[in-house]
Structure formats: C-alpha cells, structure tokens
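Here the structure is laid out as structure tokens; the discussion comes afterwards.
The values are calculated or read from the model by the stated rules, or taken from the named source; none is laboratory data. In this text, all values refer to a predicted model and were calculated from it rather than measured experimentally. Heads up, the Cβs are rebuilt from the backbone with ideal geometry, glycines too, and the neighbour counts pull from every protein chain shown. Protein only, heavy atoms only, side chains kept; ligands, DNA and RNA dropped before computing areas. Shrake-Rupley method; radii C 1.70, N 1.55, O 1.52, S 1.80 Å.
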Amino acid sequence: MPRIPWRLMFAHFRRNKLRALLTLGSVFMAVLIFGFLRTFIVGMETSLAECNANRIISASKLSLFAHLPKSLEPEIAEMAAGKASITTFTWYGGIYIDADPSHYWGRFGTDPVSFRKVYGPDLILDDAAWQRWAELRQGCIIGADLARDESLKIGDRVHITGNIFSGEIDLEVVGIYRSKVRSFDQKTLFFNWDYMNETSKQAGGRTNCVSTYCLLLNDAQESAALSQKIDTAFENSPHRTMTQTERAFQAQFNSMWGNLPLFFGILGGVVLLACLMVTSNTMMLNARERIQETGVLKTLGFTKGTLLVLTLTESLLLCLIGGGLAMLIVNAADGAILMFVIASVPASTIWLGLGIAAALGLISGLFPALLVSRLEIVDALRRRA
Amino acid sequence: MEMAENALLRFHGVDKIYRRGGEELHVLAGLDLTVGEGEFLALMGPSGCGKSTILNLAGGLDTPDAGTVTFGQDELGALSDSERAAWRSRNVGFIFQAYNLIPVLTARQNVALPLLLTPLNGRERKEQAERALRIVGLGDRMEHFPNQLSGGQEQRVAIARALATDPRLLLADEPTGDLDANSAKDILDLLQRLNRENGKTIVMVTHDPSAAERAHRTLKLDKGRLVQSLGAGH
C-alpha cells in the first residue's frame, strides 16, 4: 500500500486558509441548522412521549388562551373525587425587567399544595422548599434553568408587572426545582394563585379565573370516562371545556406551530443542498487549480488510487470538521428551551449530523477526485496554473 | 560510448500519433534510438519535432502507438498503469523547464515527496532529502518555499527531487529554458557532475547549442525522425 502525501493536503489548507475556512463555515452552518431543526422536532416528540398517562388537562373549548372560572374547581373536584387529585394553572404573562424576549418565560399562578400532589412526582424539590412555598403567600419556585439564566437564587426577589392580570407582583424565590421528565421544563416560575388573584383584584383587573384544570388520576383507565364526564357537565354552560390527556394537550399546543416537521424537513433539505453546491464548487475549483501539480505527482509515481483517496479525504475532512463543530454546539444545547420546547439531542442526532457532513464531503469530493485520478500525465503537465 | 553493449534505454520502431478533433498528427515515425548506461544525451530540433514526446515515452508517461520502448529488460508498453508508476518512482527522475515544484511545500518537503513511495521511514526520508539538497548546493535553503527561491535555486530543488530516489535515468526537458545565462551554466555544470561523478544517465531536451555541447552525444530531430547525430564537443 503506497503512502499518501497527507502533508500536501494540510499544506493546501494552509495555502488557501480563507477558502478552507469559508467551505468549513458553510458546512458548519448547514449542519448546525439541520441539528437545531432536528433537535426541536425531537424535543417536541420527546416531550409528548414523556407525558404522564395518568394526567388529564381540562381547558376552555373556545381556545387555549380563553380562561375558565375558578368556580368550576369544586364541581370538577367532586366529579374526580376518589379518582384523581386536582390543581390549576393560570398563565400570568407579565413583564419581568423589560420586554426583552430573553426575560419572557413561563409564569403560572397555582396552588402550592395541590400542585405538589399533581406535579410533585415529576419534580426534584426538597420538603423544606415545598413547605416554605405553601406557607409564604409571596413565595415562588423556579426551574433550575431559569435560575441559571436570570442569575436567581433562593431568597432573591422577582418583580413582575402584570399585563394579562393587573397590578404588580413581588415574589421571593423559596425553591429551585429540577425536572425528572422532559415534558416538564426547568424554565418556569410557579407562584401562589391566591396572591395573584388578590393583587389583580386590588388593581381592578380580571379575577377568579384559571387557564387549565390539571388532574392526576389514580388509574389511567379512568382517563376517557372522566374527561367525557367533565366536558358533558359543562356542555351547555358558557364555559364549555375540552378535557384531554396531557399528551393530547401537549400535541395541541405543538400544533399551534403548524406542520413543523414537514416545514423544517424542507428547510433543512434546501440548506443542505445549497451547502452541497458550495462545497462541490470549491472542491472542483481546488482540483482544477492543481491539475499541473497532479501531473507532477503522477510523474513522481503516485497512482490514480492514491490521488483519488487524497482528494476525497481532503473534502471529507473539511466537511467532517465543520459538521463536528456544529454537532458540538448542538449537543451543548441539550435540555435548553427552544421556543417553549425542551431541546433533546439523542446520539442519533449527533451521528446523523456527522453522517450528513461525511456525505457532503464524499459527494462534493467525488467528481474532483475522479477528475484528478483520470487525468493523463502528459495532458496535466501541459496545463500551467 | 559503446551503446549497444550497455544500453539502458532502447526505442525500436516507435510511432507516436496525437489525435486532436479528428486530425492525426504523426509526431514520431519508426524511431530507433539507444541510450547507453551512463550516457549524457542531448536532443535538439524545432518545436513540435517530437523531442518532449521521446522524454514522455522514455519516462513511461505515455505509451507508443507502435514499436517498443525498453528500459533494461523491461518493456514499458507491457506494464500496467500502476506498474509503470512504480517503475517510474524507482528508475526515473524528471527535471522540467518550469521546475514544477509544489508551491505549498518547502524545498525539503518537495524533495522528500517521491521518497514516500520508497520503504524509507520518516527520519530516513528527511535525511535522504537533505542529502540530495546538499548535493545540489542548497543545504542552507531547505526550509524555504519555492516562491522564496530564485529560478536557478528552484531548478536545483527540482534536480534534488529527481535525484532523491537515486534513479538510473534523469530526463530533463529544457532544464535551462527559463534561466539566465549564469544560472543555466550552474545547472549544466551540476548535470554534468551528476553524470560524471554519480554515473547518472541523462537525456536532455534543449534548444540551446551550448547546453547540448555538454552532452556526450547530440541527436537532431525533424518531423519525428533523427536527422543528425553529433559526438561530444561537436
């Protein structure tokens, strides 16, 4: 097996640094976009897969954004008596610090005690924090990612100005939770609904309403029957409900984005195709610039096969470095929040990204490699760069 | 020189035809030529007479349309592409008019390039390349890139590269064509020294009669045929 002049390949990278960097950059961007699109889609799918089959959500049938009266709670609780625990979520909205999107994360009013019963099994939060939250009217718990991003710690104050609800709330962080499941993110703040309602009432804003009723069933088999019972009960009221499993509710939430997998698939495909054209053009340009050099190498005794391997490897290496760097960044995003979806980066995404980078390298290097290997020495030597 | 007894290279009845766009150009027609081991042969003639074609055939870069080219006992036309490449790397060193160095490699790396095709390890290749550069008087320019060298120095690097694998045959295609008079003289002195002291067989194509005077024998070609043979100092 003849030795391959690898030093020559690296010397070419050094000679055309800018060209090599731009090619590497185009592969990096394309694979990065692919990686994030796939991460988003996998995140959506994972959050659905990890939803608790024992939980059902009851929301307004009109819209996810319409409120239900708090007064429905006793009736629903009665229907679920002995079968499920119940709590409420109320989307607060509001402005924290300023309107910058980086400060726009989930804030929900709820009841600390019932919240613990329904969602406690999915969370890691010590007893003292649960206790403190239940006792302190202005207490709140926050996710670990939110604490990190907003540099918040236990004892810090969080001041939020209402926009859906009126008034201003002033909270104290009493606990920082971690989630055991990907269907529950770590970038949300939960605080006392009573405090929220009272503040809004004092400021003349909306009161006594919730976004959703959440029930944790003792037996998942009860899910369909109880859902139907709740919806039937409010069928002819001004506040019709739509009760569904947590998974169906999450899927409905995701569907607000439209058919993202298809859209992202097309987008990713177009970006990769554009990248393939860029890298193919660059590799062909490299090969054409080195025709005389190819003639010299063949004259010295290097074979067609050696030059084919050298050219293909150059293309493959450039694309793999670009793709590898992109995948490092994508991997670092695992668990981060991307547009309300928890990013999920399984090993398959990393391997797929690297595979795409390798395919880009091999396809874009194939024609230049064939050109170089098939060149007749005499013809190659006649052409001066 | 007694060429028949110690012939290194033989052309027998060689035809070479180039085809371009349906047109046939007979570059060599029934050429018979013998080059003895240790001979320094110059080839002269007008452009297009077939001088470079003879070098290409002698170095196994091209194959004849008729006739045979034999190096020692090997008939080059009978070898496959990869066999010819291996044979070339062992037996032939090429020196081009335009030097044809790889611009991204240093002088030492350029010279070491053909040594990748030998069994030598990295350290041995480095030593051998440095030895070849010292032979051509460039021991102090080993880490220079081609664009940091003069034309004469570049041609010396090219000669060192041709020598690196210690081939029996050196093929030089107008090696002084791009050089000034002083540099050309230095290169011809070097080739002559390699022939005399190292016993290298050299076939050199040139347009320059003073360069041809350095050879043992000069063959003049016209329209693919040998028209004159002159001895040393002609």
Checklist entry - Which condition breaks for B:Glu39 when tested against (1) at pLDDT 90 or above; (2) among the acidic types (Asp, Glu); (3) open to solvent by 50 Å² or more (accessible area, probe 1.4 Å); (4) farther than 30 Å from A:Arg7 by Cβ? => result (3)
Item to check | Every residue from segment A:187-201 that is open to solvent by 30 Å² or more (accessible area, probe 1.4 Å) and more than 16 Å from A:Glu135 (Cα to Cα) | outcome: A:Lys187, A:Glu198, A:Lys201
Checklist entry - Take the residues of segment B:140-154 that are away from every other protein chain (no Cβ under 14 Å) and open to solvent by less than 40 Å² (accessible area, probe 1.4 Å): which is nearest to B:Glu83 (Cα to Cα)? => result B:Met142
Checklist entry - Looking at segment A:47-68, which of the residues that are out of contact with any strand residue (DSSP E or B) (no Cβ under 6 Å at 6 or more places or on another chain) and surrounded by fewer than 19 Cβ atoms within 10 Å (Cβ to Cβ) is modelled with the highest pLDDT? => result A:Leu62
Checklist outcome for this item: Filter segment A:295-311 for residues that are of a type in the set (A, V, I, L, M, F, W, C) and within 28 Å of A:Ser26 (Cα to Cα); the one that is surrounded by the fewest Cβ atoms within 10 Å (Cβ to Cβ) is A:Val309
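Quick one: in segment A:312-335, of everything that is open to solvent by 60 Å² or more (accessible area, probe 1.4 Å) and part of a helix (DSSP H, G or I), which residue is farthest from A:Ser280 (Cα to Cα)? Before the answer, list the steps.
Just the residues of segment A:312-335 that are open to solvent by 60 Å² or more (accessible area, probe 1.4 Å), to begin with: A:320-321, A:325, A:328-329, A:331-332, A:334.
Pick out the ones that are also part of a helix (DSSP H, G or I) and you get A:320-321, A:325, A:328-329, A:331-332.
Numbers: A:Leu320: 15, A:Ile321: 16, A:Leu325: 20, A:Leu328: 24, A:Ile329: 25, A:Asn331: 27, A:Ala332: 29 Å.
Restricting to residues being open to solvent by 60 Å² or more (accessible area, probe 1.4 Å) and part of a helix (DSSP H, G or I), the top hit is A:Ala332.
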Checklist entry - How many residues, within segment B:192-215, are under 12 Å from the mean Cα position of the chain (by Cα) and either among the hydrophobic types (A, V, I, L, M, F, W, C) or exposed (fewer than 13 other Cβ atoms within 10 Å of the Cβ) (or both)? => result 4
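Conditions (1) touching a strand residue (DSSP E or B) at 6+ places or on another chain (Cβ under 8 Å); (2) at pLDDT below 90; (3) closer than 16 Å to B:Ile159 by Cβ, marked per residue:
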{"residue": "B:Thr70", "(1), (2), (3)": "yes, no, no"}
{"residue": "B:Ala78", "(1), (2), (3)": "no, no, no"}
{"residue": "B:Asn91", "(1), (2), (3)": "yes, no, no"}
{"residue": "B:Phe94", "(1), (2), (3)": "yes, no, yes"}
{"residue": "B:Leu101", "(1), (2), (3)": "no, no, yes"}
{"residue": "B:Ala107", "(1), (2), (3)": "no, no, yes"}
{"residue": "B:Thr118", "(1), (2), (3)": "no, yes, no"}
Item to check | Hits in segment A:115-169 (condition: under 17 Å from A:Asp194 (Cα atoms) and either among the acidic types (Asp, Glu) or within 23 Å of the chain's Cα centre (by Cα) (or both)) | outcome: A:Glu135, A:Ile141, A:Glu168
Next on the checklist: Suppose we filter A:Ser183, A:Ser151, A:Ser166 for residues that are among the hydroxyl-bearing types (Ser, Thr, Tyr), under 23 Å from A:Ala53 (Cβ atoms), open to solvent by 20 Å² or more (accessible area, probe 1.4 Å) and not in a helix (DSSP H, G or I); which single one remains?
Outcome noted: A:Ser183
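Please find, among A:Arg15, A:Arg7, the residue that is under 23 Å from A:Val278 (Cα atoms) and within 14 Å of chain B (Cβ to nearest Cβ).
Residue meeting the stated conditions: A:Arg15.
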Checklist entry - Taking segment A:127-138 on its own, how many of its residues are of a type in the set (Phe, Trp, Tyr) and in a loop (DSSP other than H, G, I, E, B)? => result 0
Checklist entry - Is it the case that A:Gly94 is at pLDDT 85 or above, among the small types (Gly, Ala, Ser) and open to solvent by less than 30 Å² (accessible area, probe 1.4 Å)? => result yes
Checklist entry - Taking the condition more than 22 Å from A:Gly94 (Cα to Cα) and touching a residue at least 60 places away in the same chain (Cβ under 8 Å), does A:Phe184 pass? => result no
Item to check | Residue, nearest to A:Leu21 (Cα to Cα), within segment A:265-319, restricted to residues that are of a type in the set (Ser, Thr, Tyr) and within 14 Å of another protein chain (Cβ to nearest Cβ) | outcome: A:Thr294
Checklist entry - Does B:Gly38 meet the test of being part of a loop (DSSP other than H, G, I, E, B) and either among the basic types (Lys, Arg) or touching a Phe, Trp or Tyr at 6+ places or on another chain (Cβ under 8 Å) (or both)? => result no
Checklist entry - What single numbered condition from (1) in contact with a His (Cβ under 6 Å, 6 or more places away or on another chain); (2) among the aliphatic types (A, V, I, L, M); (3) open to solvent by 10 Å² or more (accessible area, probe 1.4 Å) fails to hold for B:Ala107? => result (3)
Checklist entry - Regarding B:Thr218, is this residue closer than 23 Å to B:Ile135 by Cα, open to solvent by less than 10 Å² (accessible area, probe 1.4 Å) and of a type in the set (S, T, N, Q)? => result no
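Quick one: which residue in A:Ile176, A:Ile160 is in a strand (DSSP E or B), under 30 Å from A:Ile41 (Cβ atoms) and among the β-branched types (Val, Ile, Thr)?
Numbers: A:Ile160 fails: under 30 Å from A:Ile41 (Cβ atoms).
Every option except A:Ile176 fails the conditions.
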Checklist entry - Going through segment B:69-111 one residue at a time, which ones are small (Gly, Ala, Ser), at the interface with another protein chain (Cβ under 9 Å from one of its Cβ atoms) and without any contact (Cβ under 8 Å) to a residue 60 or more places away in the chain? => result B:Ser82, B:Ala85, B:Ala86
